[in-house]
Amino acid sequence: MVSFFQNLVNALQWGSFYALIALGYSMVYGILMLFNFAHGDIFMVGAYIGFFVATGLLALTVSGSIALPGWLVLLLTIIIAMALNSIVGMLVERIGYRPLRDAPRASAAITGLMIGIILETGNLALLGAQRLSFPPLIATETYNIAGVNVTNKKIMIVGVALFLMLVLHLFITKTKWGMAMRAMAYDFAIIPLMGVPINLIAALTFGLGSALAAAAGILYGVAYPILDPYMGILIGWKAFVAAILGGRGSILGAAFAGFLLGFIEIFTATIFPSTFRDLIAYSIILIILTFRPHGLFGEAYSARLRL
Amino acid sequence: MLSVKNLQVSYGKITALHGITFNIQKGEIVCIIGANGAGKTTTLRAISQLVKADAGSEIIYDGKNLVDYPADKIVSELGISHVPEGRHIFGNLTVQENLTLSAFARKDRDAVAKDMEWVFSIFPRLKERQWQKAETLSGGEQQMLAVGRAFISGRNIMLLDEPSMGLAPLLMMDMFAALKKINEEGTTILLVEQNARLALKFAQRGYVLESGQIVLEGPSADLLANPDVKKAYLGG
């Protein structure tokens, strides 16, 4: 029982990463019918931006210009990196995808893969091949709760992820921009007739997804402080699987499936040797999708009204 | 007020409109009648900039060429709203949210609230269904929502694409009575209809569109009495 709860804590942490990234895939698909295959690399860029913001803030602290406690540096890093990475996402949309709005979806998918490679190799060219180590902003404290070891970092990671999902939910359900996003997912073509600029909502969607990816990148850096230009590939694909598992375009589905993926991975590893983990975990997901091809929360039709 | 000159629209190699010319004066109700595929919907979509007109086409409103505007600004800056064929309400949003969204670009909150009340006053059914998902509405209620939404989004001109489609006769009468009220509020109406008799009784003037060309125009009474129109569109 103790080991179950121990695994549960780890599953929640991984689920947080997957869910935050999967949300970006799902929102963009829901609104623009586009799989943004560069999204894993946008996560990577977010982690790097977080690294530079944190390092910069720490340097200011050391030089005595400002004195900030570690948790405040982390909080500021998350906020600033989310804002900056949303600009990266909007640029990707503007430069990479907008010119292809009416092109076949396969062209847009290939563009996404190319943007991903450009972000990876651009990073490599700019910063070199050495890995960066994310600065330790908060000291690890371990609490023993009825035999289960929980660190303050894990609580923080899951807490921040859930908080951001709640904020996203409120944004989408309560604001007029969120309303426009939901409407656009339902009927893309008619959006301008409401006086709503399509390009504004498209940019907003990419911005929100990329901001969440940046948060995921920093939380990931706090847990696993090694950054390299290819760190976004595997986790990006896994989050993409979560988005599909949740149901294309379903926000709730993406969040739920992100956590589900974390659970399946962690609990597979408790039963089977760790080298078998992904093989078995993704076989399970393949079986789920065989029976629910539209995902857990997806709708039975995929082609929305689009003229 | 709205002057369309030599409007030509092509979809690839197929030309849907062969340079049509017509105009609407402020406060008027004008209709364009014609068979399925004559180019009626394309005409409205070209005004709204949902499709791009071919070079040389002129759509002038208040001295501005609409071709220079993006589709959302046609609604939000020039106040030309469009009720699309098939209603296109947002079924996943509530009735209220559909109406709120149509005020997206408007800054005059008080006036928006007043307009919403007015919409609810001419379509009391929408008020009853205010918090329901729009996909649960009947066809007639969805048409009311589509018209209400257009009224809030912009009210200088309303472009109406087949508002009678799929409505029972009684509902149709209600709908056109409501459209009359909208016109009396000062909104100019351009109506496109396959139901020629209904359209000509409602409008003051009409144009007859055939295969992308205007073949007849004039006051509604004249068109109703015209033997060719009678034969082709009014069932003999």
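From A:Tyr220, A:Tyr282, grab the single residue that is among the hydroxyl-bearing types (Ser, Thr, Tyr) and under 18 Å from A:Ile42 (Cα atoms). If you could, list the steps in order and put the result at the bottom.
On the way: A:Tyr282 fails: under 18 Å from A:Ile42 (Cα atoms).
It is A:Tyr220.
Being surrounded by fewer than 24 Cβ atoms within 10 Å (Cβ to Cβ), in a helix (DSSP H, G or I) and within 9 Å of chain B (Cβ to nearest Cβ) is the filter here; which residues of region A:192-222 pass it?
Within region A:192-222, A:Pro192, A:Ile198, A:Asn199, A:Leu200 meet the criteria.
Yes or no, residue by residue, for (1) under 20 Å from the mean Cα position of the chain (by Cα); (2) within 25 Å of A:Phe51 (Cα to Cα):
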residue: A:Met90; (1), (2): yes, yes
residue: A:Arg105; (1), (2): no, no
residue: A:Arg131; (1), (2): no, yes
residue: A:Pro136; (1), (2): no, yes
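Hey, could you check region B:181-199 for residues that are modelled with pLDDT under 95 and of a type in the set (Asp, Glu) and say which is farthest from B:Gly86 (Cα to Cα)?
B:Glu185
Can you spot a residue in region A:181-200 that is of a type in the set (Ser, Thr, Tyr) and more than 23 Å from A:Ala11 (Cβ to Cβ)? Show your work before the answer.
If we filter region A:181-200 for residues that are of a type in the set (Ser, Thr, Tyr), which is where we start, we get A:186.
Now restrict to residues that are more than 23 Å from A:Ala11 (Cβ to Cβ): A:186.
Checked against the condition, which is being of a type in the set (Ser, Thr, Tyr) and more than 23 Å from A:Ala11 (Cβ to Cβ), region A:181-200 yields at least one hit.
Residue check: is B:Arg125 within 14 Å of chain A (Cβ to nearest Cβ), open to solvent by 50 Å² or more (accessible area, probe 1.4 Å) and farther than 28 Å from B:Thr43 by Cα?
Details: within 14 Å of chain A (Cβ to nearest Cβ): no; open to solvent by 50 Å² or more (accessible area, probe 1.4 Å): yes; farther than 28 Å from B:Thr43 by Cα: yes.
Here the answer is no, as B:Arg125 does not meet what is asked.
Within region B:142-150, does at least one residue satisfy the condition of being open to solvent by 20 Å² or more (accessible area, probe 1.4 Å), of a type in the set (D, E, K, R) and in contact (Cβ under 8 Å) with a residue 60 or more places away in the chain?
no
Mind checking whether some residue in region A:160-178 is under 26 Å from A:Arg101 (Cα atoms), of a type outside the set (Val, Ile, Thr) and in contact (Cβ under 8 Å) with a residue 60 or more places away in the chain?
yes
Could you tell me how many of the residues in region B:29-75 are away from chain A (no Cβ under 14 Å) and either on the phi < 0 side of the Ramachandran plot or buried (at least 23 other Cβ atoms within 10 Å of the Cβ) (or both)? Talk me through it step by step, then tell me what you get.
The initial filter retains those residues of region B:29-75 that are away from chain A (no Cβ under 14 Å), namely B:29-40, B:43, B:53-65, B:67-68.
Next cut, either on the phi < 0 side of the Ramachandran plot or buried (at least 23 other Cβ atoms within 10 Å of the Cβ) (or both) only: B:29-36, B:38-40, B:43, B:53-55, B:57-61, B:64-65, B:67-68.
The total comes to 24.
So which of A:Ala129, A:Ala183 ends up being of a type outside the set (Asp, Glu), within 14 Å of chain B (Cβ to nearest Cβ) and either open to solvent by 80 Å² or more (accessible area, probe 1.4 Å) or under 29 Å from B:Thr100 (Cα atoms) (or both)?
Selected residue: A:Ala183, the only one of A:Ala129, A:Ala183 that is of a type outside the set (Asp, Glu), within 14 Å of chain B (Cβ to nearest Cβ) and either open to solvent by 80 Å² or more (accessible area, probe 1.4 Å) or under 29 Å from B:Thr100 (Cα atoms) (or both).
For B:Met144, only one of the following conditions fails: (1) more than 19 Å from B:Lys201 (Cβ to Cβ); (2) touching a helix residue (DSSP H, G or I) at 6+ places or on another chain (Cβ under 8 Å); (3) modelled with pLDDT under 95; (4) more than 14 Å from every other protein chain (Cβ to nearest Cβ). What is its number?
That leaves (3) as the condition not met.
Mind listing whichever residues of region A:154-180 are within 14 Å of chain B (Cβ to nearest Cβ) and open to solvent by less than 30 Å² (accessible area, probe 1.4 Å)? Talk me through it step by step, then tell me what you get.
Restricting attention to region A:154-180, the residues satisfying the condition of being within 14 Å of chain B (Cβ to nearest Cβ) are A:172-180.
Within region A:154-180, A:Ile172, A:Gly178, A:Met179, A:Ala180 qualify.
Which ones in region B:147-162 are part of a helix (DSSP H, G or I) and among the β-branched types (Val, Ile, Thr)? Let's see the steps before the verdict.
Step one: filter region B:147-162 for residues part of a helix (DSSP H, G or I), giving B:147-153.
Hits for region B:147-162 are B:Val147, B:Ile152.
Six or more apart or on different chains, Cβ under 8 Å: which pairs go from a residue in region A:188-212 that's among the basic types (Lys, Arg) to one that's at pLDDT below 95? Could you list them?
Listed pairs, sorted by first residue: none to list.
Tally time: how many residues in region B:163-182 are open to solvent by 20 Å² or more (accessible area, probe 1.4 Å) and not in a loop (DSSP other than H, G, I, E, B)?
9
For A:Leu100, which of the numbered conditions (1) among the hydrophobic types (A, V, I, L, M, F, W, C); (2) within 22 Å of A:Asn36 (Cβ to Cβ); (3) in contact (Cβ under 8 Å) with a residue 12 or more places away in the chain fails to hold?
Going through the list (1) among the hydrophobic types (A, V, I, L, M, F, W, C); (2) within 22 Å of A:Asn36 (Cβ to Cβ); (3) in contact (Cβ under 8 Å) with a residue 12 or more places away in the chain, A:Leu100 breaks only (3).
So in region A:5-28, with the set limited to residues that are in contact with a Phe, Trp or Tyr (Cβ under 7 Å, 6 or more places away or on another chain) and buried (at least 24 other Cβ atoms within 10 Å of the Cβ), which one is nearest to A:Met184 (Cα to Cα)?
A:Val28
Considering only residues that are more than 10 Å from chain A (Cβ to nearest Cβ), without any contact (Cβ under 8 Å) to a residue 24 or more places away in the chain and open to solvent by 40 Å² or more (accessible area, probe 1.4 Å), which ones fall in region B:76-121?
B:Lys107, B:Asp108, B:Arg109, B:Asp110, B:Ala113, B:Lys114, B:Glu117, B:Ser121
The values are calculated or read from the model by the stated rules, or taken from the named source; none is laboratory data. Computed from a predicted model, the values in this text were never measured in an experiment. Here the Cβ is made from the backbone with ideal geometry for all residues, glycine too, and neighbour counts use every protein chain on show. Quick note on the areas: whole protein, heavy atoms, side chains included, nothing else; ligands and nucleic acids left out. Shrake-Rupley method; radii C 1.70, N 1.55, O 1.52, S 1.80 Å.
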